[in-house]
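Only one structure is covered here, and it is reproduced in the block below.
The values are calculated or read from the model by the stated rules, or taken from the named source; none is laboratory data. Small disclaimer: the values here were computed from a predicted structure and weren't measured. Here the Cβ positions follow ideal geometry from the backbone for every residue, glycine too, while neighbour counts run over all protein chains shown. When the accessible area is computed, the model is the full protein with side chains, heavy atoms only, and any ligands, DNA or RNA have been set aside. Shrake-Rupley method; radii C 1.70, N 1.55, O 1.52, S 1.80 Å.
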Amino acid sequence: MLKKLRVKFILMMMSFTILLLGSIFGLIYHFTAADLAQSSFEMMQAVALRPSRPELPGSAPDSVRLPLFTLEVSKTLAITAAGSGLYDLSDEDFLRELVLAAQADGKNDGLLSSYHLRFFRAVTPDGEKYVFADTSAEQATLKSLIRTSVLIGLGSLAVFFALSVLLARWAVRPVEEAFFFIISMIQVGKFY
């Protein structure tokens, strides 16, 4: 009976701990992902709303910290590509495919998960300007956060399990003493 009481106490403490740690790590993940996405959108919006000007080949503007590229689609549907040297922007069919994928969403910004790109669309006097940013670093950051959270969570659960075992012994001790006191009194014949 006392062993069952200890086990119930440990299970209750561990359930509470798992729920608490899961909530904390879930909120950290949610807010980190939202912050990364917001920073990316703000950077793409700044690039999209900046007037077009010629850049040196292979160089990105000073204020840009993301690997990104822009596609300007004229009213005659001609595509002009610009960006850092990280992307091969010579395949016009692929660039047209990206523009169509961004237009299919029907929104001015979004995520093209099959391409690992986030996009922002701005209407310009000459047509439309699309800014595409790579999400690989963002995804790697979130995977690293998950891995770190799992390691910290497992270590925390081990510590909380050891504490729960000690607390269960301490919490059940008065019940155990009372139980043995009553048993000894019954054996002596003072309780009926």
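In segment 152-191, what residues are closer than 29 Å to PHE25 by Cα and open to solvent by 100 Å² or more (accessible area, probe 1.4 Å)?
Within segment 152-191, the subset closer than 29 Å to PHE25 by Cα is 152-168.
Passing the criteria: LEU154, PHE161, LEU166.
Which of the residues belonging to segment 113-130 are among the aromatic types (Phe, Trp, Tyr) and open to solvent by less than 40 Å² (accessible area, probe 1.4 Å)? Walk me through it before giving the result.
So in segment 113-130, the residues among the aromatic types (Phe, Trp, Tyr) come out as 115, 119-120, 130.
If the condition is that a residue be among the aromatic types (Phe, Trp, Tyr) and open to solvent by less than 40 Å² (accessible area, probe 1.4 Å), then PHE119, PHE120, TYR130 are the ones that fit.
State the number of residues belonging to segment 41-65 that are modelled with pLDDT under 65 and in contact with an Asp or Glu (Cβ under 9 Å, 6 or more places away or on another chain).
The total comes to 2.
Looking at THR124, THR76, THR135, which is the one that is among the polar types (S, T, N, Q) and over 24 Å from SER39 (Cβ atoms)?
Working: THR124 fails: over 24 Å from SER39 (Cβ atoms); THR135 fails: over 24 Å from SER39 (Cβ atoms).
Sole residue among the options that is among the polar types (S, T, N, Q) and over 24 Å from SER39 (Cβ atoms): THR76.
Of all residues being open to solvent by 70 Å² or more (accessible area, probe 1.4 Å) and of a type in the set (D, E, K, R) in segment 1-52, which is nearest to the chain's Cα centre (by Cα)? Just the residue, please.
Within segment 1-52, the match that is nearest to the chain's Cα centre (by Cα) is ASP35.
Among the numbered conditions (1) open to solvent by 30 Å² or more (accessible area, probe 1.4 Å); (2) farther than 21 Å from ALA140 by Cα; (3) out of contact with any Leu (no Cβ under 9 Å at 6 or more places or on another chain); (4) at pLDDT 80 or above, tell me where ILE79 comes up short.
Failed condition: (3).
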